[in-house]
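Everything on this sheet refers to the single structure shown next.
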Amino acid sequence: MTEELFREDATLLTCEATVVAVDEAGIVLDRSVFYPLGGGQAGDAGTLTTAGGAVLAIVDTRKHKERAGDIAHVPAPGADLSAFAPGTVVTMQVDAARRRAHMRFHTATHLLCALVPHPVDGCSITAGYARLDFHMNEPLDKDALTAGIASLVAEAHAVRHRWISEEELDVNPGLVRSMSVQPPRGLGRIRVLEIEGVDLQPCGGTHVANTADVGEVVVTKIEKKSAMTRRVVLGFAEPAAG
Ligand SMILES: [Zn+2]
C-alpha cells in the first residue's frame, strides 16, 4: 500500500521513495507525493530520478486498478524503465506549476460550492480549467459568481483538513455535497476539508492553505447541460504560464 504523503501535506512536492513494482500500469513506490486522479482532480506529473542520475518523466498518476491501495506513476509511452527496477531508491519531484494550478482550482471549486447551494453531480479539475456540475434548474449569473469567488479570496479564509470517523459522517449526512462521488468507506476514517466559515465537506484532494492563495479565478462559462444540470467552468484570470 503506497503511503500517501500528499494527503497530509499538499505543499510537499519532493520525497525519496523505493520502487516496489513495475507493470503495465506504471511504477509503484512505497510512498508518494504524487496525487492520483480522483475526486475530479487530475493526477500529478513530474519526474523520478535515481542516485545514478537516470531521470524518468511521469506523465500521469492513477490509483492502481489491480493492486488495491497502491498508486501507479505512469511513464511516457516507450520510456526506458531499465534503471527503475524494484528496490531502486528514487527522488520524486512533482511538476510544481501543474500541481499549483490543481490546488488553486480545487480550492476555488469549494468556494463555488459555498456560493451555489445545490448538490454537485460532476467535477473535473485540470491545470487549465475546472468545471463543476450542479443539480439545479435555476439560472446562474457568471459575473455574480466571479465576484463572489473574488470576495471569498480577498477575505483570506484558512483552509485545512482533518479526519473524522465514519460514524461522525453518518450523523452528519448533510456534509456530503456530491451526488456522484461518495467518500471512500471501510478505511475507518474520512478526510474532511474545511474552509473556515465557508465550506466543510469530505474531500481527499489537494488545496491551497488559504483562500488568498487561490488568486484570480473567474467563471468563464455557464452551460445548461440538461434540464437539471448547470455546468460552471472556471479559469485563471492571468494568461497561462509559459
Ligand atoms: Zn477538495
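Throughout, read-outs are computed from the coordinates displayed, never taken from laboratory work. This structure is a prediction, so every number in the text was calculated from the model and none was measured. No Cβ is skipped: glycine too gets one built from the backbone with ideal geometry, and neighbour counts run over all protein chains shown.
Residue count for the range 220-234, restricted to those that are more than 16 Å from the ligand (Cβ to nearest atom), in contact with a strand residue (DSSP E or B) (Cβ under 7 Å, 6 or more places away or on another chain) and either in a loop (DSSP other than H, G, I, E, B) or under 30 Å from PRO184 (Cβ atoms) (or both): 7.
Filtering the range 136-157 to residues that are farther than 18 Å from GLU238 by Cα and touching a Gly at 6+ places or on another chain (Cβ under 9 Å) leaves GLU155, HIS157.
Checked against the criterion of being within 16 Å of the ligand (Cβ to nearest atom), touching a residue at least 24 places away in the same chain (Cβ under 8 Å), closer than 24 Å to MET103 by Cα and not in a strand (DSSP E or B), the candidates GLY43, GLY69 yield just one match: GLY43. Would you please name the residue that is farthest from GLU138 (Cα to Cα), looking only at residues in the range 197-219 that are part of a strand (DSSP E or B) and either acidic (Asp, Glu) or within 16 Å of the ligand (Cβ to nearest atom) (or both)? Taking the candidates together, the pick is ASN210.
Taking the range 93-115 as the search range and keeping residues that are in a helix (DSSP H, G or I) and closer than 20 Å to ARG31 by Cα, which one is nearest to the chain's Cα centre (by Cα)?
Here the residue is ARG99.
Selection within the range 124-175: residues that are outside any strand (DSSP E or B), among the polar types (S, T, N, Q) and more than 19 Å from the chain's Cα centre (by Cα). The member of this set that is nearest to THR220 (Cα to Cα) is THR146.
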